[in-house]
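**Student:** The structure follows.
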Amino acid sequence: MLVQSSRFHFRFLFPPIQKRIPSSLSFSVASSAMDSASPSMLFLCGKSSSEWEVAKSLKINDTLNLPNGGKVSALLQSEINTFRFGEYAFNVDLFLNSLSTKRFGRFLIWSPLLPSTHDVVSHNFCELPVGTVCVADTQFKGRGRSKNAWESPRGCLMFSFTLQMEDGKTVPLVQYVVSLAVTEAIKDVCDRNGFPFINVRIKWPNDLYLNGLKVGGILCTSTYKSKKFNVSCGIGFNVGNEKPTTCLNTVLKELSTTPNEFRREDVMAAFFNKFEMFYDIFINQGFQTLEELYYRTWLHSGQRVIVQEKNEDRVVENVVTIQGLTSSGYLLAIGDDNQMCELHPDGNSFDFFKGLVRRKLE
């Protein structure tokens, strides 16, 4: 297949249903204002005795640390009740009792205040069991695209977890499996609790939208070591923080006549229960097995956009229609001239559709 590429940007031919806004996960702040010289408290928790033994070993050997010399204080699950964290603290027991996985989420690191959950799992990847999750009530150096830093407020579900992969071609696709697991987890929580249906949608490549507003995002990073890809996946989702945009509980209140609320613990447990099932399908059968469900959840099928391409000293406009994803995980589109093309991200933007690279497929 001959591939030709050229740089371009495009605009929507018809306005999309979502509104373009700064990140709804959080609001940017000077992280130094919230930074503290005190060590970050990390409570090491587990689903079973095997995870408890890992926790004891990590604490005894003082294994865990943060980037740039950041200090941590490792404590065991049994020590949580010796502190008073208030009603907004993550309920570790509630999460673990709702978890039904065999691998993911069974070893849990919880912190009431942390610079970044992603830094904890990625920096200590080789010291932690694969599938470890780190969750924080508040984080002040959360990571976004292109190293953007975001403060994430109370009520936002913020967690990162690890997985290990061997096939490098599938690594870029895992973010789509994560996105799909989030949307299906919300549906599952609604079904189990009798909540009204809440339709969280996927905006390619890694954002989550509700009623036209961004309510979440996914960040996956990887390193290659010993012939394996060590992948750290971070998720931020507005569960109870209605600002700066909206959240699950705000929408639920608008739809329900009873005082129901989503709990972060239920959402995170439902996520891992779904993700483990989807991930096994993804690894054993490929992403194409999940594509139909993914396309029912994303925002872009049939979306028409105007592509502006530079051709020497002229700008040429062409209309393309998004068809789906290519095998490598980029957007597949077709022009009015029936020319198929692949759309790649180009740079960093709050709206990924501002700038892409188009590759014609022949």
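**Student:** How large is the direction-averaged shadow of the alpha-carbon convex hull of the stretch 220-277, in nm²?
**Tutor:** Numbers: hull surface 23.4 nm².
Over every viewing direction, the Cα hull of the stretch 220-277 projects on average to 5.8 nm².
**Student:** Next question. Straight-line reach from Lys59: which aspartates and glutamates have a Cα under 14 Å away, not including same-chain ones fewer than 8 places off?
**Tutor:** In chain and number order, the partners are Glu51, Glu79, Glu127.
**Student:** Counting residues in the stretch 71-214 as N, plug N into 2.2 N^0.38 Å and put the Cα Rg over that result. Mind showing how you got there, number by number?
**Tutor:** Details: Rg = 16.2 Å, N = 144, 2.2 N^0.38 = 14.5 Å.
Normalised Cα radius of gyration, the stretch 71-214: 1.11.
**Student:** Report, ordered by chain and residue number, the lysines lying within cross-link reach of Lys141, taken as a straight Cα distance under 21 Å and ignoring same-chain residues fewer than 8 apart.
**Tutor:** Reachable lysines: Lys71, Lys214, Lys243.
**Student:** Sticking with this one: Would you mind listing how long the stretch 264-341 runs along its three principal axes, going by Cα atoms, in whole Å with the largest first?
**Tutor:** 54, 29, 21
**Student:** Select from the stretch 220-254 those trypsin sites (Lys or Arg not before Pro) which occupy a DSSP coil region and have at most 13 other Cβ atoms within 10 Å, ordered by residue number.
**Tutor:** Lys227
**Student:** What number comes out for the charge environment of Asn230, summing +1 per Lys or Arg and -1 per Asp or Glu over other residues with Cβ under 13 Å away?
**Tutor:** Result for the neighbourhood of Asn230: +1.
Every number here is computed from the coordinates shown, using simple stated rules; none is lab data. Please read these numbers as outputs of a predicted model, since none were measured by experiment. When we count neighbours, we look across all protein chains shown, and the Cβ atoms used for this are built from the backbone with ideal geometry, even at glycine.
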